[in-house]
Amino acid sequence: MRWKRVLFSGLGIGLLYTFFIQAKIAPDSGPPVQDKPIRTIVIDAGHGGHDHGATGAYSSEKNITLDVATRLGKILEETLPDVKIVYTRKTDRFDDVNRKAAIANEAKGDLFISIHCNAAPDIKRVTGYRTQTYRDKKKRKRTRKVPIYESYPNPAKGTETYIWATSKNNAKTESLRNNSVIVFDANSEETQQLMDTKDPETIIMLNTLRNAFFDQSLRLSNLVEDEFTRVGRISRGARQRNEKGILVLHATAMPSVLVELGFISNPEEENYLNSADGQNEMAHCIARAVKKYKEELERFNKPGHSTTRPAESQEPVPAPQQPASPPPARVNPAQESPVNGGHSAAASAQTDYRVQLLTTEKVYTSRSSLFKNLKGNVQRESFRQKGKSVNKYIWGNFRTEAEANAALYKARKNGFDDAFLLTYKDGERID
């Protein structure tokens, strides 16, 4: 079985290079890397046919998503001529989500983008009262005032980009397992026999690949929202869909995002979503994000690429309610002071990931309400800056980047808007 382990290890290292995960070994000691990590992009126009999706005062989600998806595809075909563009639908037809996922998987997509519109229920407001006559238990006439309600369009507006929730990780792994022949390009019968999806080594590879896809999906979702913000749209953020799963995200064996273009239930946004200028702007925003994402993958795939961050300035933040997180200078681990009973970083014997929450001159204890919604260890590291003592607060020891990204999402959701990831090896920060 040793030759099989060697083969699996080689395949695993190649996949890690291909899918944006750095093996942290010398560039000339590994196999050749793939210079084109994005060869096929699948674009899904949400809903279709009898499934209208969300509706506004005069339009339907299915039509807007098809228009934007078509525009996006044309832009990508022009700007990325080396990439194949596949559509789940080009006409007003209905395919259920399982069929959409199957189209993407059969196309051997390297990226899946699903286009949707959001909606929010009308708001009811009291506009007056009327007198109502009724009889009590003794049949006597009584009167009472009853509120009169009127419905108004919900003012909710803005964009959202979703990835699958970590609670759906098992479902994503199952999708990779079911499509392992496609995922691993196992075209020969001999290779397919080796890719035993019940073998523990294969399962480890699938889980590693799933984590890589999660990280890539999260990165693209943030890039998309950044582009929307640049053109003046209100961004509601990159999110995990926790309240209910989106099957097309975890049933596709590739990195995948779902973009909510705006609220069709808002009259102002409905006009924008239906306008040619608005649809062009949205399509160009997504296309620019995809182009940046593709360039990042290609840059990380270059032999000799360094994962070390450039030096960044330090500036203390006076108010923790609006935390900022410029990375401070490297601090000796011996200076660490655990807040929630955490252990020193020097005790680590392997690579782990942490979330830097904020930098401030203030000192917080383990009972501080600032960290009450964060489970796990929050450590305080102190350093001197311009004659003053400054503290940075670092959360957790996470085994994988996927876990750390989930924690980063939670930190930002709890008010640490500028939180970011740190990577440690043997207790030393390496980025």
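If you take all other residues with their beta carbon under 11 Å from the beta carbon of SER175, and give Lys and Arg +1 and Asp and Glu -1, the sum is +3. Projecting the Cα atoms of ILE113, GLN132, ALA101 onto the charge dipole of segment 99-141 (Cβ charges, centred on the Cα centre) puts GLN132 farthest toward the positive pole.
Each residue, ASN178 and ASP277, gets one label point 7 Å from its Cα in the Cβ direction; the gap between the two is 4.5 nm. Amide H to amide H, with H built 1.01 Å from N, THR351 comes under 5 Å of ASP426, counting only residues 5 or more places away or on other chains. Pairs exceeding a 27 Å alpha-carbon distance, out of LYS292/LYS425; LYS172/LYS413; LYS90/LYS124; LYS36/LYS157: LYS292/LYS425; LYS90/LYS124; LYS36/LYS157.
Under 5 Å from the amide H of TRP395 lie the amide H atoms of VAL355, GLN356, LEU357, GLN379, each residue being 5 or more positions distant or on a separate chain, with H modelled from the backbone and absent for Pro and chain starts. Each residue of segment 375-386 was assigned a 3J(HN,Hα) from its phi angle through the Karplus curve 6.51 cos²θ - 1.76 cosθ + 1.60 (θ = phi - 60°); the sequence is 8, x, 8, 10, 9, 10, 10, 10, 8, 9, 9, 6 Hz, with glycine and proline shown as x. Which residues does a label at TYR149 reach in segment 97-118, if reach means a backbone N under 13 Å from a point 7 Å past the Cα toward the Cβ? Label zone hits: none. Put a plus charge on the Cβ of each Lys and Arg, a minus charge on the Cβ of each Asp and Glu, and nothing anywhere else: the dipole of segment 36-109 about its Cα centre is then about 260 debye.
Please compare each pair in LYS84/LYS410; LYS62/LYS108; LYS100/LYS410 to a cut-off of 32 Å on the Cα-Cα distance and tell me which ones are over it. Walk me through the numbers before you get to the answer.
Numbers: LYS84/LYS410 35 Å; LYS62/LYS108 25 Å; LYS100/LYS410 30 Å.
Exceeds cut-off: LYS84/LYS410.
So, counting K/R as plus one and D/E as minus one, what does the shell of residues with Cβ under 15 Å around THR91 add up to? So the environment of THR91 carries a net charge of +1.
Taken together, the values in this text are just the output of simple stated rules run on the coordinates, not laboratory data. These figures come from a predicted structure and were not determined experimentally. As a convention, Cβ positions derive from the backbone with ideal geometry for all residues, glycine included, and neighbour counts pool all protein chains shown.
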